[in-house]
Amino acid sequence: MQGGDPYIRALMRTISASEANGNRPYSLLYGGQQVKDLSRHPEICVTIVTGPNKGNCSTAAGRYQIINNTWFEIAPRYHPNPPMQLMFWAAYSFEPQYQDVVVYRWLNDTKVWGTDISQLLQKGKIDDVLRRLSPTWTSLGYGIETNSISSSLPKIYQKMLAEELKTANQPGAANAAPIP
């Protein structure tokens, strides 16, 4: 993804590091399988084998491990392209650039989160942000399902932020342009 707020971009990379760390995060399903078709959310329900939701299933997919119901809720608000019409419902593309744009715009929506996340990040309040986002992304350290890197996320965020700020501050950097 190019452009936009480096604080939000670093946060997105941090969420991805916790939720879908791997070589092909955009096509990753919960549990580790990969999908080929990203023309829409995959909607593949994978059985949860450990943790408090053991026995249920998850449709989490993509770089940000977004479940299908969440995608169906946020895509109409934040997706930049009109959807493909399939019979009685619309399928918003789940291709990598759209996962990024939708999540970027979602994280910038102060009404959804009850605060300006970028402003909190600029004030150095990464723990507050991770706590606020944990009900959505449970691996962020304050949710019901932490993982092996949850406790390292503030440090990971700082590393990602340093990279994003360096890129954003380069003369003529494409990253300085706003996201459409």
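We did not get these values from a lab; they are worked out from the coordinates using the rules stated. Source: prediction; values computed, not measured. Note that we place each Cβ from the backbone using ideal geometry, even for glycine, and neighbour counts take in every protein chain shown.
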Here FRET efficiency (C-beta to C-beta, E73 to T50, R₀ 30 Å, nearest 0.05) is 0.65
Just going by the charge dipole of the range 6-168, with Lys and Arg at +1 and Asp and Glu at -1 on Cβ, which of I74, V102, S118 is farthest out on the positive end? S118
Could you give the nm distance between label points at D109 and K36, where each point is 7 Å from its Cα heading toward the beta carbon? 3.3
What is the calculated FRET efficiency for K159 to R131, with r their C-beta to C-beta distance and R₀ = 25 Å, to the nearest 0.05? 0.80
